[in-house]
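In what follows, a structure is listed as structure tokens, so that the remarks can point back to it.
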Amino acid sequence: MKAARTRLSWLIRIIVLIASLGILTSFFYPLWHYYFEAPQYPEGLAMSIWSYKLGGKVDLINGLNHYVGFMHLDAANFLEFKVLPIAIVLIALWGLYVVVRASRASLLAWLSFFFVFGIAALIDFYRWLYAFGHTVDPMAIIDIEGYTPPMFGSSQFMNFYILSYPGIAFYILIAGLVLGTLALALAYRRKAKTANEKLKPKSAMLA
């Protein structure tokens, strides 16, 4: 009887199920967007970052990077594009395990991993942006100082206006994290309610 009380409710398990299956849809959308605009490119140059590839005007942007000595952008050179899809699938499968296992401990472990993964991914993203803008070829045609592209928002680099903002896949992952947090909050709320119900008979006897 005690084990049944500690199992997650069907509502909580459905929330975790939705979160787990939902994050798999992040593969169908970009995680991040970059937009570059300059007088010579009034129509703008767009580049998208997916969990497993780069999209948009990557070749043209690489041509511009060559002039200032920035590194060449090639998906094959990014370890992240190999690790990130595996991590997303792992989180989804782990979430499905939580649904089957139906314990608070498994839910807490899953959500903790999900949260740490998200923080680590953002830190790695910023680290890469810094490395990109500060690993400059000294033999480049145009000599520049180090520059870190924006992670959120916009900035000006030479005559280029640069805009960076999250894509749909990013918000899908955030939604999964929020649903997981909601599920954990409901689980501990249920635990507190059960504990209070156990104390009621004792209180009545004391009265």
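Throughout, read-outs are computed from the coordinates displayed, never taken from laboratory work. Note that the coordinates shown come from a computational prediction; the quantities given were computed from them, not determined experimentally. Glycine also receives a Cβ, built like all others from the backbone with ideal geometry; neighbour counts cover every protein chain displayed.
When only Cα pairs under 8 Å and 6 or more residues apart are kept, what is the percent relative contact order across region 2-190? Here the relative contact order equals 36 percent.
Based on the mean of other beta carbon atoms within 10 Å per residue, what is the order of 123-136, 89-102, most packed first? The partial results should precede the final answer.
Details: 123-136: 13.7, 89-102: 17.9.
Taking the mean over residues of other Cβ atoms within 10 Å, the ranking is 89-102, 123-136.
Peptides 13-23, 148-158, 45-55 ordered by packing proxy, namely the average of other Cβ atoms within 10 Å per residue, highest first: 13-23, 45-55, 148-158.
Were the residues from Ile86 through Asn159 laid out at 0.36 nm apart, the gain over their Cα-Cα distance would be 22.4 nm. Each of Ser112, Gly133, Leu73 was placed along the dipole of region 2-190 (beta-carbon charges, centred on the mean Cα), and the one lying farthest toward the positive end is Ser112. Placing R0 at 25 angstrom, the Cβ-Cβ distance between Ala105 and Tyr130 gives a FRET efficiency of 0.10 after rounding to 0.05. All C-alpha to C-alpha distances of region 2-190, sorted into 10 Å bins beginning at zero, yield P(r) values of 9, 32, 26, 17, 11, 5, 1, 0 percent in whole numbers.
Projecting label points 7 angstrom from Cα along Cα→Cβ for Thr181 and Leu60 puts them 3.9 nm apart. Approximating the spin labels as points 7 Å out from Cα along Cα→Cβ, the Met151-to-Tyr35 distance works out to 2.2 nm. Rg and Dmax over the alpha-carbon atoms of region 19-99 stand at 16.3, 54 Å.
The relative contact order of region 1-108 comes to 34 percent, based on Cα pairs under 8 Å that sit 6 or more residues apart.
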